[in-house]
1. What residue among 62, 198, 74 shows peak mean-square fluctuation when the chain is described by a Gaussian network model with Cα springs under 10 Å?
2. Using a cut-off of 18 Å between alpha-carbon atoms, which aspartates and glutamates can reach residue 114, once sequence neighbours fewer than 8 places away in the same chain are excluded?
3. About its Cα centre, what dipole magnitude does the chain give when the only charges are +1 on Lys and Arg Cβ and -1 on Asp and Glu Cβ, stated in debye to the nearest 20?
4. Skip the ligands, DNA and RNA, and give the accessible area per residue of the stretch 1-132 with a 1.4 Å probe, whole Å².
5. How would the stretch 1-92 be classified by its alpha-carbon gyration tensor: rounded, prolate or oblate, with rounded meaning a/c under 1.5 and the a/b versus b/c comparison settling the rest?
6. Would you mind putting 124-136, 176-188 in packing order, based on average other-beta-carbon counts within 10 Å, highest first?
7. Under DSSP H, which helices of the chain have Cα atoms covering 20 Å or more of the helix axis and a Kyte-Doolittle average no less than 1.0?
8. What percentage of the solvent-accessible surface of the chain, computed with a 1.4 Å probe over protein heavy atoms, is contributed by carbon and sulfur atoms?
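The values are calculated or read from the model by the stated rules, or taken from the named source; none is laboratory data. If you're wondering where the values come from, they're calculated on a predicted model, not measured in any experiment. Cβ coordinates were reconstructed from backbone atoms using ideal geometry, including for glycine residues, and neighbour counts include every protein chain displayed. Side chains are part of the model used for accessible areas, which takes the heavy atoms of the whole protein and leaves out ligands, DNA and RNA. Shrake-Rupley method; radii C 1.70, N 1.55, O 1.52, S 1.80 Å.
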Amino acid sequence: MIELLVKGGLSYLLGSIVGSLVIGGFRGVDIRALGSGNAGATNALRTQGKRIAFWVLVIDVAKGWIATHLIAPALLPGIAPAAPALHPWCVTVCGLAVILGHVYPLWFGFRGGKGVATLVGAVLGIHPWLLLPMVLTWLAAVMLFGFVGLASMLSAFALAVSIALSAGSPRVPLLTYGILVASLILFTHRSNIARMRAGTESRARRLWLFGSHGRQP
């Protein structure tokens, strides 16, 4: 149990290193006061440009990967390994904690981003093939509806569904992770849901199945 707590704590602290806020700090900019107010790569792209958005994305994806691929399986000096029945839960704890760190960062007043890029990195560190249904769902949703937030929510649920349908092991810890992160991503996008219901959510450039495209309000 101590191993899970320590690794979860390390992953949370890592997640609290929010790319847009770290880079913005060096530039004297708080991205939470610009654009949509979200401390993520999408808002960085809209307000700071492609180069900054790229590095924001790299940082946020990388910390998710580090949490699940390096911290979760690591042997920590002075920390007794968890019991065999608990050890598979290290990935669940680390993968969830790093996203919680991004959403509620200790270093930035507990006001961070929505966790999608960090989720992508965490999934990449667990099983890269799990990214396939997420990416396909995200692309399909953007093409059909044009809402990036909706696409992100649906891709998180696609992760949970793909884990539920897989025969891999350990099944229960991964399925628990999929359900928890899908619920968390839904929660962090509650403002997007409210704007979509009000008809004020902005659309990305839509790629229609019939070949036309255009900027939507």
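1. Of 62, 198, 74, the Gaussian network model singles out 198 as fluctuating most.
2. 30, 60, 201
3. Numbers: 17 positive and 4 negative charges, 158 e Å.
That gives a dipole near 760 debye.
4. Numbers: 6250 Å² over 132 residues.
Per residue, the stretch 1-132 has 47 Å² of solvent-accessible surface.
5. The shape class here is prolate.
6. Working: 124-136: 16.7, 176-188: 19.2.
Going from most to least packed, we get 176-188, 124-136.
7. Working: long enough: 50-65 (22 Å, 0.86); 89-103 (21 Å, 2.01); 131-145 (21 Å, 2.29); 148-165 (25 Å, 2.17); 171-188 (25 Å, 1.72).
Span-like helices here: 89-103, 131-145, 148-165, 171-188.
8. Numbers: 7990 of 10980 Å².
Ligands and nucleic acids excluded, carbon and sulfur reach 73 percent.
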